[in-house]
1. Using unit Cβ charges (K, R positive; D, E negative) and no other charged atoms, how large, in debye to the nearest 20, is the dipole of region 254-383 about its Cα centre?
2. Based only on Cα atoms, what mean projected area does the convex hull of region 109-244 have, in nm²?
3. Pick from 84, 220, 67 the residue whose mean-square fluctuation is largest in a GNM of the chain, springs joining Cα atoms under 10 Å.
4. Any lysines with Cα under 20 Å of the residue 128 Cα? List them, leaving off those in the same chain fewer than 8 positions away.
5. Given a 1.4 Å probe and the protein chains all in place, what does the accessible area of residue 118 round to, in Å² to the nearest 10?
6. At 1.4 Å probe size, with no ligands or nucleic acids counted, give the accessible surface of residue 122 in Å², nearest ten.
7. Using the Cα centre of the chain as origin and beta-carbon charges of +1 (Lys, Arg) and -1 (Asp, Glu), tell me which of 340, 90, 314 is placed farthest towards the positive end of the dipole.
8. Assign one of three labels to region 133-172, namely rounded, prolate or oblate, based on the Cα gyration tensor with a ≥ b ≥ c the square roots of its eigenvalues; rounded applies when a/c is under 1.5, prolate when it is not and a/b is larger than b/c, and oblate otherwise.
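The values are calculated or read from the model by the stated rules, or taken from the named source; none is laboratory data. Computed from a predicted model, the values in this text were never measured in an experiment. Backbone-built Cβ (ideal geometry, glycine too); neighbour counts: all protein chains shown. Surface areas here come from the heavy atoms of the whole protein model, side chains and all, with no ligands, DNA or RNA. Shrake-Rupley method; radii C 1.70, N 1.55, O 1.52, S 1.80 Å.
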Amino acid sequence: MSHRKFEAPRSGSLGFLPKKRTKHHSGRVRSFPRDSDANPPHLTAFRGYKAGMTHVVRGVDRAGALMHKREVVDAVSILETPPMVVVGVVGYVETPYGLRTLTTVFAEHLSEEYKRRCYKNWYKSKKKAYSKYALKYQKDGGKDIEHELDRIAKFCTVVRVIAHTQVKKLNLRIKKAHIMEIQINGGADAKAKVDFAKSLFEKEITIDSVFAENENVDVMGVTRGHGFEGVTTRWGVSRLPRKTHRGLRKVACIGSWHPARVSTTVPRAGQNGYFHRTEMNKKVYKIGKKGDNTSCQTSADLTEKSITPMGGFVHYGEVNEDWIMLKGAVVGVKKRPLILRKSLMNHTARKHLETIDLKFIDTSSKMGHGRFQTAEEKDKFLGPLASKQN
């Protein structure tokens, strides 16, 4: 009977099993922050689209840290976050088996990009979704609608709005909106939540109405897919010695003779990536507004420039809507829809409470070794080009 010469921790975590492709392709919020009636009613999540990455220079203001009062360079991710539109409200009743939907109320006017999501084939359909429902607003002065809203206020403990993104504002070549539920926290009772939700019907909500700079958020989305991969990449097991017969990127022994089956804890080849993941406590460095051509101007860098780098973000393009800057990387490929959620925890650590002081935001080309921050700077350096002369 064989035995190992040295003990070693196992390769790869079993906490993420099963390693299979997710069915929640645009992210899913499994838990919302704990509710408190001490705050006014507010939304707890938002959706954005990954545009790309750049880097910033910032001053550190964290007493006791090695880099206190010095400058550091941080990698940051840029997410484009066009305003979302609220189209409905749903109430949940708490039961011994979890939350149960009581009723749902939709707004009177729904956009085409929302209705497209209701159909598999839009151009062959009759496009009649919610046409009969909208008549409830004219019938008896909307008595049915008010009755359902009163039921939510009377019986429900959890109230969430139904909101969708405006993908037509992005250059993503998709026409169906991404729809999600966003929980309303705060307010004295359920009626305050319902009144808040109704006041948002058919209105746009912006990213800066949900999150603020220097806040910590959680990011949910689907990781980059890598297809079928072997055990060395998928689980991080050691390679076998160089002269091994029939390959060396393998698990040498997949188990004992008995029990006569392969254990679930043995690393095997299979799907790697395209998993749903939640990453907690990403710091919000900056929130930019649409049309602000000086959004990347700082006290130390007075150059007038927006967040889009020269030549655009690689595999994405230009950012023309509102955007949010998060510290570090976020999951997924470019253009992937991600969900931003308010943090689940109360922060006490200094690094979470630190106020961010941006000194410089890089907007040079991400295609190669970018030398210039703006087109004006490049023209000034190169001078009159022969190809431009008549």
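1. Charge dipole, region 254-383, about its Cα centre: 760 debye, nearest 20.
2. 15.8 nm²
3. Greatest mean-square fluctuation among the candidates belongs to 67.
4. Counting by Cα, and skipping residues close in sequence, residue 128 has these lysines nearby: 115, 120, 136, 139, 175, 176.
5. 70 Å²
6. 40 Å²
7. Selected residue: 314.
8. Note, shape of region 133-172 comes out oblate.
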